[in-house]
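Working notes, beginning with the structure itself.
The values are calculated or read from the model by the stated rules, or taken from the named source; none is laboratory data. Worth saying up front: this structure is predicted, and the values here are computed from it rather than measured. Note that each Cβ is placed from the backbone with ideal geometry, even for glycine, and that neighbours are counted across all protein chains shown. Note: accessible area is taken over every heavy atom of the protein model, side chains too, but ligands, DNA and RNA are not part of it. Shrake-Rupley method; radii C 1.70, N 1.55, O 1.52, S 1.80 Å.
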Amino acid sequence: MRCTIAQPTPLNSIETREHDIHNQRGRARVQSLADYKKRGNRRWFPKRPAEASSESRSTSSPTDASTPPPDAEQLVGIEQDPAKFTPSHTRFQRGSSSIRRRFGPSDLPSTPLGGALYVATPVHEEDDCADSDFYLLAKAYFDCKEYRRAAHVLRDQTGKKAFFLRCYALYLAGEKRKEEESIELEGPLGKSDAVNRELTSLENELSKQRKNETIDPFGLYLYGIVLRERGREDLARTVLVESVNKYPWNWSAWSELQSLCSTIDILNGLSLKNHWMKDFFLGSAYQELRMHNDSLSKYEYLQGIFRFSNHIQAQIAKAQYSLREFEEVEVIFEELLRNDPYRVEDMDMYSNVLYAKEVFPALSYLAHRVFMTDKYRPESCCIIGNYYSLKGQHEKSVMYFRRALKLNKNYLSAWTLMGHEYVEMKNTPAAVDAYRRAVDINPCDYRAWYGLGQAYEMMCMPYYALYYFRKSVYLQPNDSRLWIAMAQCYETEQLRMLEDAIKCYKRAANCNDREAIALPRLAKLHGELGSFEEAAYYYKKDLERMEAEEREGPNILEALMFLATYCKSQKKFEEAEVYCTRLLDYKGPEKEKAKSLLRGMIAAQSGLSSTEAEHFPP
């Protein structure tokens, strides 16, 4: 027997059935198709033959007042009893993940099998009053950002969804008023003492609900936010853990919990159930705690489960970007753009990679693409700002970074990049202000601390600069640029702390110094301090690196000259002769100095005087 898929009932049929039901029930009401469409997020599902037959029977027999007609039940999208129906009609199976779009719903289990035992996904209980007129009216007010009107409509409603929507509306109303006051009472650095005046009443109400065990996971999520805003971080963590354990699909709750995990000890102390959403949380938390290798491992593990997830690919790129593996990051973002050509999210990081590698054509193409896709996104503005910065048009670059901040005043990347532009423009007061705004948003942003150090170094204030460089190095200890900046600060005339500078350069050399600054500086500093053996060691290492990379420049001449002189003084004439012979290939004073050294070595080996050795060709 062939199954046919039931089509959505026409409007006139609904109206006819509505009239019949009204006559049978008296007060029963079924909305029109247009009302169902306004409600949003409803889907049409095929009905099984058993349901179709029961529908045909229902037209000949009167319907009980407590049971809605099968057609109306399918139309509204009411959840079915999992004990009576197959899992293909549960809420989870109606999801639209990237994997589900590529495979049939029967091909995949309800939770991924990635080699680990996960707990079953908790089923969220439905709320009977969620579709009431009061709730729908309040939701409409909420969508229009009329938060106090929404809360007022739900003042007498007792359902869990209505309770959450009312409390959340009050919280957002307080946040809205707080933002207005912060603008009105803004201080010299953009700070104000404005607070959310709804927090106290919300804390009391939500605390009472939690004690009575009548609060749902979303209420716990809101309670955790309120507690965090009130400064009660320990209790906030406990409440948010309860929320994600009861309903792990709420990523907002995971994000709030992550913001409260400032150390690895706090993170390891959380009592989280082994749901696979926990792996996403740990990957993000490790990245925030600067454990980039652990974060990369976690996301690579998740990629084996969610093989077609663009989000996981982007997170892997973000972890590799933090590890300064720019080649791999560029490859991942190119693949992301092939799979999702209109993607804007995370593309500002790709523009940073292209900027650092000075790949102007690719950055120009990316800026044009995001401009045509959605030019009023903070990410788009930052990409265009990087494009103009690479062209040397710093004023225009600042204009786009300011536009990004108008769209999102807490967009961290825009503040930091705008500070860099002000440094290029030698506008140090504006740069300091931009970097301080970035630090206020995220104290763990090492780039902002590094920028502050640069700005104070430009103002000839090395002690302040040293303080901020130390902050940045603490947050990102594997970045050679930060160690080099701190070493150069130690070398300034005001400090002249050469021993500390040497320590910093050694750390930079061990952190994959791409700019090739650490080794020649180590050689020079050891030479200044009279440690010629150490200086020769670092000159040799630098010479080997330049030969491997096939580099030419003044550093190679300096290294060859020092090594030739040092080896001659140590009576290593054969090695000194090799360095002198290489110097003869260059023009300038180094060539003449090499000839003189060769004559001196010939005289020393043959017992001739230096005057007699002049007659021998080098």
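For the residues Y286, Y247, the requirement of being open to solvent by 20 Å² or more (accessible area, probe 1.4 Å) and either touching a residue at least 24 places away in the same chain (Cβ under 8 Å) or over 25 Å from P443 (Cα atoms) (or both) singles out Y247. When E328, E334 are screened for being at pLDDT 90 or above, within 24 Å of P477 (Cα to Cα) and surrounded by fewer than 17 Cβ atoms within 10 Å (Cβ to Cβ), only E328 passes. Within segment 443-461, being at pLDDT 90 or above and either aromatic (F, W, Y) or buried (at least 17 other Cβ atoms within 10 Å of the Cβ) (or both) holds for Y446, R447, A448, W449, Y450, G451, L452, G453, Q454, A455, Y456, E457. From the list Y376, Y365, the lone residue that is open to solvent by 70 Å² or more (accessible area, probe 1.4 Å), assigned to a helix (DSSP H, G or I), more than 30 Å from K426 (Cβ to Cβ) and not hydrophobic (A, V, I, L, M, F, W, C) is Y365.
Set side by side, the residues E229, E233, E184 differ, and just one is open to solvent by 60 Å² or more (accessible area, probe 1.4 Å) and either over 30 Å from T263 (Cα atoms) or modelled with pLDDT under 90 (or both), which is E184.
Against the numbered list (1) open to solvent by 60 Å² or more (accessible area, probe 1.4 Å); (2) assigned to a helix (DSSP H, G or I); (3) closer than 30 Å to A448 by Cα, E534 comes up short only at (3). Residues of segment 341-351 include none that is in contact with a Leu (Cβ under 8 Å, 6 or more places away or on another chain) and loosely packed, with under 14 Cβ neighbours inside 10 Å.
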